[in-house]
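Student: Pasting in a structure now, in structure tokens, and then I'll have a few things to ask.
The values are calculated or read from the model by the stated rules, or taken from the named source; none is laboratory data. Small disclaimer: the values here were computed from a predicted structure and weren't measured. Methodologically, a virtual Cβ is constructed for each residue, glycine included, from the backbone with ideal geometry; neighbour enumeration extends over all protein chains shown.
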């Protein structure tokens, strides 16, 4: 099958590759670039395990063709920590608030939260729940994910940490 | 020795009881987990299945030629290719066989018919489309009651002449087994002389655990050395190795099974699936690594479902509410093959825990397993072997009895709870409950939720509804469950003849750091964190100096894996006992170094000191060093221990859950206003992780009770095999959870822990369903089946004349 050359920026680095027209962005990221943080959970864009950030929007990379990402700027979970290894406030928040268990939804959940907190830097619990409703988690029941996102929002907004409510 | 330093050292160890942050999270939050589909081997190719569109059909012809002609296709395998290898059927854990690739006929929709192997997953998918299969449709049976009718079509022609199966006589060609427990005669007598009886058919619908990661495997056969390496989504990797050896005839030492990180299991990843077998066969045939990654539709429609239990339950009682007997008959729909993952001698799992938390003098239960044209599997979904079915049945029956007696359901429970002085309690169906204080838990729960006020509010709501002032109904659901987990004692539990022990092997390095390996396998439960906490407390080595490893059969000791809440009760016990062995040896070394008798030493958190002379002390760190250079004469060097733990009994976690819901009678929409969950899982190792497990389990219970069903039409078509149609709660629907606890240690477990992963599912489902049913009790409603979706609730309200 014919291939097409695409060039894009992934986690700050320029990438050029030839891909088939039908190749999905998730397979391009996972198999061609070996960025395996984003996962395939459902193939129907319901679960959000494949969520990455593309040109300032959350996209479900299982339903985006790699050729659609030509010229775009993509950030994945692998591009969230600082160069010195320090974690993004969301990554820290998920750990501190026990916002993950099996870890399979976590990269997508964090990438969605990353965009969500730019759309709404100081969300209520209800807004957070709505904001991540395109991402499924089977382990946590979401309660601690909500806390984790709130933790990150406070940290980004430089609000002093409160003890987590029990 | 001041107490402050003891306290500081204790905290630094991060042992039992502390909210230690998870070590796993460091890799997971950075996208550096290692799940099966993340692995790439040189030369790796991809497998995919041709699946049957029919639920029951004869295969007339399979034409592979177009598929084989497609560039990039390496092989197309069918049952014909497997027959010479005797691999077209594989043994199931339940004593049946399951087709690896359909031979002669298909028995459920999406059954595996051919396996296509190609250079990449896209070409494999293309080739699947090119395989031409000619079918002749046969009559379909999805209803287990109809499957047992005389003259019903025979589904399993391979068993046609077999009048008995792995669990005794078969009374119909579509019958698998009859299993019973209890005293039938005494129970019938109790019912004959009962003042009050109730009887209800309580169906627990077919659901699916749907972990977010589907099943996958990656097999690599090294033909030169005759060694097979198999990566897979296995909750029980060691059992998979044994089964693989028995099926494929490869000596067990030449097979290495690796379960890397697993993206949720919930029981779905206990069984052995055709995909695993075919990746191995493919690698043997082609000599290159073969990866198989299941799609979501295949996962939902072909891998281990749960429930599909149709329970006719009865209670006998006195007029003032003392239960005098329980009787139940169950029709269990096992689908096309009996691939249940139960301990081998328990074809209905531990269903006989169905007398629940109540002191019921006599009981009798009988379960008939039935074949239908549905997918095989069974028993999965965050529940220890049919315990959730049992808990659902008894908790619904109690509410129905309360209604009949015109008694408050909490009061009826209170009246029948097993009392603290009765433990160890021998149940009518033969189990010995280890420990519990049920009334204390019940009392705490009722007070915390403000039960009396809620009932008063509900009475007012009913009056307002009847007066036309509101269209909202209110339901209060109480559930008091007892689980049976930690399978299990080898005297009654085995899987294919292997006792259900578990194991821990620990090696302390010279600098006082350690590695411990276990036979269990975490799928999100946080074993790398919690096992290290147990070992920290037992050995005095800080948890962050202990690496925990599981899942590699070449390095980890043999164990039966993680399901049925068994990791803490069994693996955790092995962990604790291995730690104690380390400490015993360290004590001998300390005695040698301090030149005293070992009995003159006292243990204090992380070292030994001489009784009465605390300044004479050796820390575990110093003793680890000495183990490699200065041991007592005659003692072996090194500091290692192994423990294989065969539990003397199961453990019996319990809890009291209360759900408050408001229901719009005109739309059927139910909103959970409050959900309070009190759990008693014995000694608590990491309260943060326990709470996380409860949140997750309650959310799964909410999904099951309120929306999930794997539904089939009359032709056997699965109606909801994608996340488009199968209900998984999002953050929006999921209620807020209030958690609480009491702590009654298990007397027979080394640290008193009981296990907790499945309690919220077992207790949660009846709490939701009782709340829903409770809303209609005063309007004549007795029982409505799950799932309680809005259209179904609305239909029920209409049936009772409450809505138009």
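Student: Could you check, for region B:375-394, whether at least one of its residues is away from every other protein chain (no Cβ under 14 Å), more than 16 Å from the chain's Cα centre (by Cα) and under 30 Å from residue B:217 (Cβ atoms)?
Tutor: Yes, some residue in region B:375-394 is away from every other protein chain (no Cβ under 14 Å), more than 16 Å from the chain's Cα centre (by Cα) and under 30 Å from residue B:217 (Cβ atoms).
Student: Same structure, new question: From the list B:461, B:545, pick out the single residue that is modelled with pLDDT of 95 or more, buried (at least 19 other Cβ atoms within 10 Å of the Cβ), farther than 26 Å from residue B:345 by Cα and not assigned by TED's automatic domain parsing to the domain that holds residue B:352.
Tutor: Answer to the selection: B:545.
Student: Picking from B:177, B:145, which residue would you name as being away from chain A (no Cβ under 14 Å) and surrounded by fewer than 20 Cβ atoms within 10 Å (Cβ to Cβ)?
Tutor: So the residue among B:177, B:145 that is away from chain A (no Cβ under 14 Å) and surrounded by fewer than 20 Cβ atoms within 10 Å (Cβ to Cβ) is B:145.
Student: Let me ask something else about it. Tell me which strands (runs of 3 or more DSSP E) are completely within region B:260-346 and hold 1 or more residues being touching a helix residue (DSSP H, G or I) at 6+ places or on another chain (Cβ under 9 Å) and within 14 Å of chain A (Cβ to nearest Cβ), or say none if there are none.
Tutor: In region B:260-346, B:290-293, B:306-317 are the strands (runs of 3 or more DSSP E) which contain 1 or more residues that are touching a helix residue (DSSP H, G or I) at 6+ places or on another chain (Cβ under 9 Å) and within 14 Å of chain A (Cβ to nearest Cβ).
Student: With B:43, B:72 as the choices, which residue is within 14 Å of chain A (Cβ to nearest Cβ) and surrounded by fewer than 21 Cβ atoms within 10 Å (Cβ to Cβ)?
Tutor: B:72
Student: Identify the residue in region A:81-99 that is buried (at least 20 other Cβ atoms within 10 Å of the Cβ) and in a loop (DSSP other than H, G, I, E, B) and, among all such residues, is nearest to the other protein chains (Cβ to nearest Cβ).
Tutor: A:98
Student: Then there's this: Which residues, taken from region B:10-38, are more than 9 Å from chain A (Cβ to nearest Cβ) and over 15 Å from residue B:534 (Cα atoms)?
Tutor: The one that is more than 9 Å from chain A (Cβ to nearest Cβ) and over 15 Å from residue B:534 (Cα atoms): B:36.
Student: A further question follows. Taking residue B:163 as meeting all but one of (1) under 30 Å from the mean Cα position of the chain (by Cα); (2) surrounded by fewer than 14 Cβ atoms within 10 Å (Cβ to Cβ), write down the number of the exception.
Tutor: It is condition (1) that residue B:163 fails.
Student: Hey, another quick one. For residue B:685, state whether it is outside any strand (DSSP E or B) and outside the structural domain of residue B:526 (by TED's automatic domain parsing).
Tutor: yes
Student: Continuing with the same structure: State yes or no: is residue B:67 farther than 30 Å from residue A:49 by Cβ, in contact with a helix residue (DSSP H, G or I) (Cβ under 7 Å, 6 or more places away or on another chain) and either assigned by TED's automatic domain parsing to the domain that holds residue B:539 or outside any helix (DSSP H, G or I) (or both)?
Tutor: For residue B:67, the condition - farther than 30 Å from residue A:49 by Cβ, in contact with a helix residue (DSSP H, G or I) (Cβ under 7 Å, 6 or more places away or on another chain) and either assigned by TED's automatic domain parsing to the domain that holds residue B:539 or outside any helix (DSSP H, G or I) (or both) - is not met.
Student: In the set A:61, A:13, A:7, which member is surrounded by fewer than 16 Cβ atoms within 10 Å (Cβ to Cβ) and without any contact (Cβ under 8 Å) to a residue 40 or more places away in the chain?
Tutor: Unique residue meeting the criteria: A:13.
Student: Is region A:49-57 home to any residue that is more than 10 Å from chain B (Cβ to nearest Cβ), touching a helix residue (DSSP H, G or I) at 6+ places or on another chain (Cβ under 8 Å), in a loop (DSSP other than H, G, I, E, B) and more than 22 Å from residue B:122 (Cα to Cα)?
Tutor: yes
Student: For region B:16-23, check the following and say yes or no: at least one residue is in a loop (DSSP other than H, G, I, E, B) and over 28 Å from the mean Cα position of the chain (by Cα).
Tutor: no
Student: Looking only at region B:501-539, count every residue that is within 14 Å of chain A (Cβ to nearest Cβ) and buried (at least 24 other Cβ atoms within 10 Å of the Cβ) and tell me the total.
Tutor: Qualifying residue count for the region: 8.
Student: Is it true that some residue in region B:204-211 is more than 30 Å from the chain's Cα centre (by Cα) and within 23 Å of residue B:331 (Cα to Cα)?
Tutor: no
Student: Under the condition of being without any contact (Cβ under 8 Å) to a residue 12 or more places away in the chain and buried (at least 22 other Cβ atoms within 10 Å of the Cβ), which residue from region A:21-36 is nearest to the other protein chains (Cβ to nearest Cβ)?
Tutor: Ranking the candidates gives A:36 first.
Student: What helices (runs of 4 or more DSSP H), lying completely within region B:78-187, carry at least 2 residues that are over 22 Å from residue B:53 (Cα atoms)?
Tutor: B:144-147
Student: In addition: In this structure, does residue B:724 turn out to be within 21 Å of the chain's Cα centre (by Cα), more than 19 Å from residue A:129 (Cα to Cα) and either in a loop (DSSP other than H, G, I, E, B) or within 8 Å of chain A (Cβ to nearest Cβ) (or both)?
Tutor: no
Student: A follow-up question, please. Could you go through region A:65-78 and let me know if any residue there is more than 26 Å from residue B:124 (Cα to Cα), out of contact with any strand residue (DSSP E or B) (no Cβ under 7 Å at 6 or more places or on another chain) and crowded, with 17+ Cβ neighbours inside 10 Å.
Tutor: Yes: one or more hits.
Student: Still on this structure: Criterion first (without any contact (Cβ under 8 Å) to a residue 60 or more places away in the chain, on the phi > 0 side of the Ramachandran plot and assigned by TED's automatic domain parsing to the domain that holds residue B:399) does residue B:468 satisfy it?
Tutor: It is true that residue B:468 is without any contact (Cβ under 8 Å) to a residue 60 or more places away in the chain, on the phi > 0 side of the Ramachandran plot and assigned by TED's automatic domain parsing to the domain that holds residue B:399.
Student: Just for region B:201-219: of the residues that are over 26 Å from residue A:48 (Cβ atoms) and touching a helix residue (DSSP H, G or I) at 6+ places or on another chain (Cβ under 6 Å), which one is surrounded by the most Cβ atoms within 10 Å (Cβ to Cβ)?
Tutor: Filtering region B:201-219 for residues that are over 26 Å from residue A:48 (Cβ atoms) and touching a helix residue (DSSP H, G or I) at 6+ places or on another chain (Cβ under 6 Å), the one surrounded by the most Cβ atoms within 10 Å (Cβ to Cβ) comes out as B:219.
Student: Being under 23 Å from residue B:92 (Cα atoms), crowded, with 23+ Cβ neighbours inside 10 Å and touching a strand residue (DSSP E or B) at 6+ places or on another chain (Cβ under 8 Å) is the filter here, so list the residues in region B:302-332 that pass it.
Tutor: Within region B:302-332, B:302, B:305, B:306, B:307, B:308, B:309, B:330, B:332 qualify.
Student: Would you point out which residue out of B:572, B:477, B:564 is in contact (Cβ under 8 Å) with a residue 60 or more places away in the chain and either under 30 Å from residue B:671 (Cβ atoms) or assigned to a strand (DSSP E or B) (or both)?
Tutor: On inspection, the qualifying residue turns out to be B:477.
Student: Right, something else. If I go through region A:111-141 residue by residue, how many of them are touching a strand residue (DSSP E or B) at 6+ places or on another chain (Cβ under 8 Å) and away from chain B (no Cβ under 11 Å)?
Tutor: Final tally of qualifying residues: 3.
Every residue, every condition in (1) buried (at least 24 other Cβ atoms within 10 Å of the Cβ); (2) at pLDDT 95 or above; (3) within 30 Å of residue B:457 (Cβ to Cβ); (4) within 14 Å of chain A (Cβ to nearest Cβ), yes or no:
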residue: B:671; (1), (2), (3), (4): no, yes, yes, yes
residue: B:677; (1), (2), (3), (4): yes, yes, yes, yes
residue: B:704; (1), (2), (3), (4): yes, yes, yes, yes
residue: B:730; (1), (2), (3), (4): no, yes, yes, yes
residue: B:733; (1), (2), (3), (4): no, yes, yes, yes
residue: B:738; (1), (2), (3), (4): no, yes, yes, yes
residue: B:748; (1), (2), (3), (4): no, yes, no, no
residue: B:761; (1), (2), (3), (4): yes, yes, yes, yes
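Student: If you scan region A:67-80, which residues turn out to be within 12 Å of chain B (Cβ to nearest Cβ) and part of a helix (DSSP H, G or I)?
Tutor: A:77, A:78, A:79
Student: Tell me the strands (runs of 3 or more DSSP E) entirely within region B:584-655 that contain at least 3 residues that are farther than 30 Å from residue B:385 by Cα.
Tutor: Filter on region B:584-655 gives B:601-603, B:607-610, B:613-619.
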